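Presented below is the structure to which this report refers.
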């Protein structure tokens, strides 16, 4: 064993918003990728309700990795640290045959904000289908072709104010002002409080 490791098995967003000081974040669904690291440590796991740490415990047992479980009451009295977080969601529709150009610009926007103080990460999602069961659409939806192509750009920030200031980064502003060339409809942006 090369040392103790306290693992928060909740989502990354929950971890950022509050976690046991000194812990690391490995969501329970990612544990398989960290087996080698965990085998070399004295592992303790926790979450906020006990449910996900129980799921994580089952996985660690299956991997043959010993661990101790920190129950929610024990975790609650440990020293915690936190950061605020908001999510900005941009919904965009792309002109026909403009998808590659848009993706390149979206990646440039992400790179422009990576080092910005208060930026906490991003995700770019492309609409790839609709679940017939989840959306109550009868029949098979696997062959649906969605036009125009739709994307959701999610960015995570310490506050709305930090987000707004980021739009004044020269590299960001330059790319952002060229986005309409690729869009069939101007995007709108919504802010969300991250709950989980």
| field | Cα-based helix-to-principal-axis angle, 99-113 vs the chain, degrees rounded to 10 | value | 50
| query | Using alpha-carbon pairs under 8 Å, 6+ residues apart, how would you state the relative contact order of the chain in percent? | reply | 25
| request: Neighbouring Cβ atoms within 10 Å as the yardstick, rank 34, 80, 157 fewest first. | output: 80, 34, 157
| With Cα atoms, 0 to 90° folded angle of helix 51-63 axis to the chain main axis | 70
| said: Just want the ordering: 185, 105, from fewest to most Cβ atoms lying within 10 Å of their own Cβ. | reply: 185, 105
| task | Give the calculated FRET efficiency between residue 111 and residue 36 to the nearest 0.05, with a Förster radius of 41 Å applied to their Cβ-Cβ distance. | result | 0.85
| remark: A correct fewest-to-most ranking of 85, 107, 186 by other Cβ atoms within 10 Å would be 186, 107, 85
| note | antiparallel share of DSSP beta bridges within the chain, to nearest 5, in %, is 70
| query | Say R0 is 22 Å: what FRET efficiency, to the nearest 0.05, do residue 99 and residue 186 get from their beta-carbon distance? | reply | 0.80
| field | Mean residue ellipticity (222 nm) of the chain, computed from DSSP H runs ≥ 4 via -39,500 (n - 2.57), nearest 500 | value | -8500 deg cm²/dmol
| request: Starting from the coordinates of the alpha-carbon atoms of segment 62-112, obtain the Kirkwood hydrodynamic radius over all distinct pairs and give the value in Å to one decimal. | output: 16.5
| From largest to smallest, what semi-axes in whole angstrom does segment 145-196 give when each is the square root of 5 times an eigenvalue of its alpha carbon gyration tensor? | 22, 18, 8
| query | Can you give the Rg to Rh ratio of the chain, both from alpha-carbon atoms, with Rh computed by the Kirkwood formula? | reply | 1.06
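Computed from the coordinates by the stated procedures, all read-outs in this text should not be read as laboratory data. None of these values were measured; they are calculated from a predicted model. Here the Cβ is made from the backbone with ideal geometry for all residues, glycine too, and neighbour counts use every protein chain on show.
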